[in-house]
There are 4 protein chains.
Amino acid sequence: MIVILERGVREGLIARVVERLTAAGARVQRLDGERVTLAASGGAGPWDDLAGMPGVASVLENSSATPLVAGETPSQPPPAPKNPGHEERGFRVGERRIGQGELFVVAGPCSVEDPETMERIACAVAAAGAAGLRAGAFKPRSSPYAFQGMGEEGLAVAHRAARNHGLLLVSEVMDATQIPVAVRYVDILQVGARNMYNTPLLRELGRARKPVLLKRGLSATIEEWLSAAEYVVSAGNPRVILCERGIRTFETATRNTLDLNALPVLRERSRLPVVVDPSHGTGRRAYVRAMARAAVAAGADGLLLEVHVEPDRAFSDAAQTVDIPTLEAIVREARVLLRALAEVGA
Amino acid sequence: MIVILERGVREGLIARVVERLTAAGARVQRLDGERVTLAASGGAGPWDDLAGMPGVASVLENSSATPLVAGETPSQPPPAPKNPGHEERGFRVGERRIGQGELFVVAGPCSVEDPETMERIACAVAAAGAAGLRAGAFKPRSSPYAFQGMGEEGLAVAHRAARNHGLLLVSEVMDATQIPVAVRYVDILQVGARNMYNTPLLRELGRARKPVLLKRGLSATIEEWLSAAEYVVSAGNPRVILCERGIRTFETATRNTLDLNALPVLRERSRLPVVVDPSHGTGRRAYVRAMARAAVAAGADGLLLEVHVEPDRAFSDAAQTVDIPTLEAIVREARVLLRALAEVGA
Amino acid sequence: MIVILERGVREGLIARVVERLTAAGARVQRLDGERVTLAASGGAGPWDDLAGMPGVASVLENSSATPLVAGETPSQPPPAPKNPGHEERGFRVGERRIGQGELFVVAGPCSVEDPETMERIACAVAAAGAAGLRAGAFKPRSSPYAFQGMGEEGLAVAHRAARNHGLLLVSEVMDATQIPVAVRYVDILQVGARNMYNTPLLRELGRARKPVLLKRGLSATIEEWLSAAEYVVSAGNPRVILCERGIRTFETATRNTLDLNALPVLRERSRLPVVVDPSHGTGRRAYVRAMARAAVAAGADGLLLEVHVEPDRAFSDAAQTVDIPTLEAIVREARVLLRALAEVGA
Amino acid sequence: MIVILERGVREGLIARVVERLTAAGARVQRLDGERVTLAASGGAGPWDDLAGMPGVASVLENSSATPLVAGETPSQPPPAPKNPGHEERGFRVGERRIGQGELFVVAGPCSVEDPETMERIACAVAAAGAAGLRAGAFKPRSSPYAFQGMGEEGLAVAHRAARNHGLLLVSEVMDATQIPVAVRYVDILQVGARNMYNTPLLRELGRARKPVLLKRGLSATIEEWLSAAEYVVSAGNPRVILCERGIRTFETATRNTLDLNALPVLRERSRLPVVVDPSHGTGRRAYVRAMARAAVAAGADGLLLEVHVEPDRAFSDAAQTVDIPTLEAIVREARVLLRALAEVGA
């Protein structure tokens, strides 16, 4: 059972709710986010009085492991596992909507490049119809001796390029200490695959006022991925975008195995929008376009793409970076697919 | 280097070609299929005279590991890794074509059912626009104590149902001894995932006059899968259909992880048509429709689907078997997607 | 429930038992091996009279999925999951015992080599204290153009070398048609990893009078592997040796990931002896010795090793083939470990 | 090329070295740890003068990807890939040594328990001959609603129990902010599998004065794991202990697949000591003892074990927690194995 308290509730009222629960034999775990949430397990009901106690905003009984991510509500507990209507999914980011029928495309270089190149890329990305610009300033690198990104300077460069072309900026944070810096420049805070289990970072992002794009861990199960999202949402930030980017398998013809099965599974279990990254999901630029089509046809709410005006000169991940004409083709095909499917009511 | 000899060539001529190769220091491996093929490695060229020797049909120099599957020809060696035109891919099966733009749908129960049920299923499958009926008579089962299929009797039942409705029959053979029986009833001989590495079976199928549907092994790399196809083709049977059916990973929300990345990879490396089995690829009927759409959008030439008039009463694999209305929706959506993509030239 | 009939029982008696079972509502699956076995599921007991019916040898009620492999007996049904005593495990092979405390070492080249080299290897292998000689004559190869082994001629060469030095010969069969040839030369018939799911082959081996060494499939679960063994045993051949040889994972520093966890799991679930193949399990000769020690310490009943007098000149698998001094060190260390563990009662 | 500068070198001298490198065309990446390190790639040598420049402590030319972890030295560059002698491996922790022949055993409950239970466990763990006590106070949990550990209070409880019995305390930190708290109580700072890629945390631990126990990521390759260690070492902390704890595979009979192949691979590539955690590596208490033996036989420098005086009452991970008599048996068997192997010079 999850008891969500009202914003700014006094400690005294919290203590009374905790007391009520423990007196009935429950074990209580307190979560301090934007609101305080109490997770209670065990104990003997009935619990009917809880919802009426002072300071209590709502009570989710018989909830699943990830009640907030699943879109449970007090009046309408665990939803039947079926595709919820579009009106229940997704949210606004700036003037764009995600998860509500409109395709949300984010494209750009792996790492921030020089200002002139960023400007050329942002211009082309906007012209192709994308909603956002991606570019990494804090880079998670296997080797300590590899280039670790341009940091705040890079964020400023990417921010200017995005603003000039009306794009939302998506960029990664690797540590709680980077959040205050990043929120000054970034519209969507990305959590990389290597940080999906980093629960202190997830909690901290739960307190941010910006949406979070949460990549699936390299070998994370879908259940673990949803639990990571629940960390962010339970700490007060309901705007989480999930990003499928491929998992580790034995196959060597591709860098990762893009798990599009995750799309219908997530539709069933969550109200969160889902985007797909076919660049990391294949690791080879020749395969990106086909997999972008597949992602959209399987129900992706958007795409995250590594794109460059001169792919072979990209700072990093050149092998999986497509050029601008390919981006244009991807967007064109995605829209055609969506329109066709809308007509047959898929 | 691969030297393909003419059909019915005499042993004396073969010996002369072998002698020519070994005299130049090559190691020669002989393959006896419908035609005799010689694989030569090492040795010092030039080899220009080989193509003119009596009994030699063609010579593939500098060939890849799977030259026949890759569609190499003497005049036009290893094709550049790009999507070959439709006219080069695929082939006819009965009055249908596969791999040439037309969607090839095969649907039916996991195992052969009683004649009346088979008749009802075949009728509905044909009405939905499928080209083929699938139904297993020889079943690969984990346990020796499980039902092993109806054998020849089952093939006869399925054959009648397919014929009554103008459908091609697709059914699995597990052993070379089953081929002579199966070819009397079956239009396409299926090799199951558990037999993909069974090279004696593959060679024997190379001598069959029927197309072969070759499922990917449970954890086979794409390269190994193409090598398995090369076994069949090099033994004389060029009509191999590849079937992606999911691979084994750590994910438990689905039975397998459908690897749609394989579609663009196979387009690049092979001229063989590829169908996708979203039933085994997900293991859950609720996910089949979305993944069928994804497969078609990524370039699948067809779909293999577990379908039943009463899915919950299917003999086996009920959890992943869809009903007839779902089959109809899948076919409708697939056609809409293909038409839309054809219009934008994708 | 498994009903094992007496050897050579008449059809009329079998029919009566089947009738008795189906009359009570059970579904019956008949297995014809050296003895006839009936697997019954469902139906309403009591079944007390079954054991007394003419032609019935024994009845295993409430059995596990792999009752014969688990060592269940009529009087003493599903054994508690614990390490059964040595007297219950293992069996004799020629004058050797396996699974009963004595280390069973099999070593030799990947493929049969020329007679002189085979003689040198067999001599060294016997001197090092091994019980068996391994050498492949029918080779499962990825490519149809690769050398497929020397066939019967190779078996004869290996047989002579083994006999000259008092070694048991272990060699692979890939197809039921190879069994009659192989049994004339081979003491233990090997099933390769690529054939673990080949149930027609497994059944046929159930009728052979020679022990079977069953390698784990490339990505087979332990449960599937035991089911494969149950195929052989239920068809009449109780002498199956399991061989762990590594599974497929994402790791690239080694060819496979040797799963030694399988050793305690198999001790718990089966009475069959288990040997470990650290050559395929690592794919690198530098790692073989350490993993041989680990296997013995974890409870392996024996080792299967790729060994050559001149490893770098081996026909195949040179990278994982160790030399004779390394074999000697492996045997010496294994014995020291076993003696030490015996002293502390491990 | 790695240029390690002297401790406390002035910025002016650093700038001169950077200038020298960039003038020759190299790209330079600066690492600020306890010492400043410069990683240079590209550029045209010779570089002979570098070692003599003011402020330069040492220069590693032609270095591997993880030169510090590999034990490279200026005079003796990339060591031949073979087992380095014991004198080169390992280090002291308090009065204990690790990686130098002596078995380093750490045991204790998954989470810190009440003071009395901790006292009983510490007493038994010390009596069994262990060097360290493990107990988690900051717990990485999948669900935000699960108990997240006792925090600093737990560290204090565990610290007292460890001190009372002369044990080193090993406990996990999940975030850089927890390090200043943890170092007051803990002797070895653990990085959990879910944080292996958390490079900001790794860098921060490079500045700590305590040894670090670095668990392998859930699906990390050995190369990535060594790179994570290189992050810690290159930031100034040479005392890293690697801990193999199983990887994710398709197998379900065990929680993870313990990859003991990693032991000989790591011996070849690194000078760091390696311990094995058979508790997480199997997930089942019945398998822990056999796998502890295997780990020691394969060359593990130590063991990390989940142990409790009443395993079934453990707060967490009860299924994989062994009792005290089992711990005693494990230590006894490990010592017997080590002594036996030392006698034959293995």
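The values are calculated or read from the model by the stated rules, or taken from the named source; none is laboratory data. Remember, predicted model here, so these are calculated numbers, not experimental data. Note that we place each Cβ from the backbone using ideal geometry, even for glycine, and neighbour counts take in every protein chain shown. Remember, those area values only see protein heavy atoms, side chains included, never the ligands or the DNA or RNA. Shrake-Rupley method; radii C 1.70, N 1.55, O 1.52, S 1.80 Å.
Rank by packing, highest mean first: peptides C:41-52, D:99-110, with packing defined as the count of other Cβ atoms within 10 Å averaged across residues.
D:99-110, C:41-52
Sort shortest first the distances from A:Ala51 to its counterpart in every other copy, using label points 7 Å along the Cα-to-beta-carbon line, and give them in nm.
Label-point separations across copies, in nm and ascending: 5.9, 7.7, 8.2.
Which whole number of Å³ per residue matches the convex hull of the alpha-carbon atoms in region C:189-229?
Spread over its residues, the Cα hull of region C:189-229 gives 53 Å³ apiece.
How many Å² of accessible area per residue for chain A, probe 1.4 Å?
Solvent-accessible surface per residue comes out at 35 Å².
Considering the Cα trace of region B:296-344, what is its radius of gyration and what is Dmax, both in angstroms?
So, for region B:296-344, Rg and Dmax equal 13.3, 43 Å respectively.
Would you please give the residues with an amide H less than 5 Å from that of C:Ile247, counting only those at least 5 places away or on a separate chain, with H modeled from the backbone geometry?
Residues meeting the criterion, in which the H sits 1.01 Å from N, are C:Thr257, C:Leu258, C:Asp259.
Which residues belonging to region B:156-184 lose at least 30 Å² of 1.4 Å-probe accessible area when the assembly is complete, relative to their chain isolated?
Buried on complex formation: B:Met174, B:Asp175.
Smallest Cβ-to-axis distance in chain A, for the rotation taking A to C: which residue, how many Å?
Of all Cβ atoms in A, the one closest to the rotation axis yields A:Phe250, 3.
Under a Cβ-only charge scheme (Lys and Arg +1, Asp and Glu -1), can you give me the dipole magnitude of the protein assembly as shown about the Cα centre, in debye to the nearest 20?
Around 0 debye, computed over the protein assembly as shown.
Inside 10 Å of the C-beta atoms of C:199-205, what's the mean count of C-beta atoms belonging to other chains?
Rounded to a whole number, the mean comes out at 5.
Of C:Pro144, C:Pro264, C:Pro54, which has the largest mean-square fluctuation in a 10 Å C-alpha GNM of chain C?
Residue with maximal mean-square fluctuation among C:Pro144, C:Pro264, C:Pro54: C:Pro144.
May I ask you to work out the translational diffusion coefficient for chain B at 37 °C, viscosity 0.692 mPa s, via Stokes-Einstein with Rh from the Kirkwood sum over Cα pairs, reported in whole µm²/s?
After rounding, the answer is 156 µm²/s.
So how do C:23-35, A:6-18, C:199-211 stack up, highest first, on mean other-Cβ count within 10 Å?
C:199-211, C:23-35, A:6-18
Of the DSSP beta bridges with both residues in the protein assembly as shown, give the percent that are antiparallel, rounding to the nearest 5.
About 40 percent, rounded to the nearest 5.
With a bin width of 10 angstrom, please list the P(r) values of region D:154-215 as percents of all Cα-Cα pairs, from the 0 bin to the one holding the largest distance.
Spelled out per bin, shortest first, that is 24, 54, 20, 2.
Taking Cα atoms, how many degrees apart are the long axis of helix A:324-343 and the longest axis of chain A, rounded to 10 and kept between 0 and 90?
It is inclined by approximately 50 degrees.
What does the net charge come to around A:Thr117 if you take all other residues with beta carbon closer than 11 Å to its beta carbon, with K and R at +1 and D and E at -1?
Computed value for this residue: -3.
Once the Cα gyration tensor of region D:103-181 is diagonalised, what are the square roots of 5 times its eigenvalues, in whole Å and ordered largest first, as equivalent ellipsoid semi-axes?
Semi-axes (√(5λ), whole Å): 22, 13, 11.
Over the whole of C:336-344, what's the average partner chain Cβ count within 10 Å per residue? Rounded to a whole number, please.
5
Output the 0 to 90 degree angle, nearest 10, between the alpha-carbon long axis of helix D:285-297 and the longest principal axis computed from the alpha carbons of chain D.
40
Between the alpha-carbon centers of region A:214-291 and region D:128-155, tell me the distance in whole angstrom.
Centre-to-centre (Cα) distance: 30 Å.
Around B:His308, under 12 Å between beta carbons, what's the net of Lys plus Arg minus Asp minus Glu among the other residues?
Combined, the nearby Lys, Arg, Asp and Glu give -2.
Regarding region B:175-260, what's the average projected area of the Cα-atom convex hull, expressed in nm²?
Seen from a random direction, the Cα hull of region B:175-260 projects 5.8 nm² on average.
Any idea of C:Ser316's accessible area? Nearest 10 Å², probe 1.4 Å.
For C:Ser316, the solvent-accessible surface is approximately 20 Å².
Taking just the alpha-carbon atoms of the protein assembly as shown, what radius of gyration and Dmax come out, in angstrom?
Taking only Cα atoms of the protein assembly as shown, I get Rg and Dmax of 32.5, 100 Å.
First compute the accessible area of region D:86-343 with a 1.4 Å probe, then give the percent of it belonging to carbon and sulfur atoms.
That fraction is 47 percent.
How many partner chain Cβ atoms sit within 10 Å of a residue's Cβ in peptide A:34-42, on average, as a whole number?
1
Would you mind checking the tilt of helix C:222-234 against the longest principal axis of the Cα atoms of chain C, expressed as 0 to 90 degrees and rounded to 10?
Once rounded, one gets 70 degrees.
Charges on Cβ only, +1 for Lys and Arg, -1 for Asp and Glu, centred on the Cα centroid of region B:86-343; of B:Ala329, B:Ala162, B:Val112, which one is farthest towards the dipole's positive end?
B:Ala162
If one takes the accessible area of chain C alone plus chain B alone and subtracts that of the pair, with a 1.4 Å probe, what total in Å², rounded to the nearest 100, results?
It comes to approximately 3000 Å² buried between C and B.
Just for region C:181-305, what percent of DSSP beta bridges are antiparallel, to the closest 5?
Roughly 10 percent of the beta bridges in region C:181-305 run antiparallel, per DSSP.
Considering every Cα-Cα pair within region A:258-314, what fraction, in whole percent, is farther apart than 19 Å?
29
Which percent of the Cα-Cα distances in region D:2-62 go past 16 Å?
Counting pairs separated by more than 16 Å, the tail of P(r) holds 33 percent.
Pop out the ³J(HN,Hα) list for region A:188-200 in order, Karplus 6.51 cos²θ - 1.76 cosθ + 1.60 with θ = phi - 60°, rounded to Hz; leave Gly and Pro as x.
Along region A:188-200, the couplings run 9, 8, 8, 9, x, 4, 6, 10, 4, 8, 7, 5, x Hz.
So, counting K/R as plus one and D/E as minus one, what does the shell of residues with Cβ under 11 Å around B:Ile222 add up to?
-4
Got the relative contact order for region D:122-252 handy, in percent, Cα pairs under 8 Å and 6 or more residues apart?
18 percent.
Bin by bin, in steps of 5 Å, what percent of the Cα pairs in region C:215-346 do you find, going until the bin that has the longest distance?
2, 10, 19, 21, 19, 14, 10, 4, 0
Which percent, nearest 5, of DSSP beta bridges in region A:86-343 are antiparallel?
15
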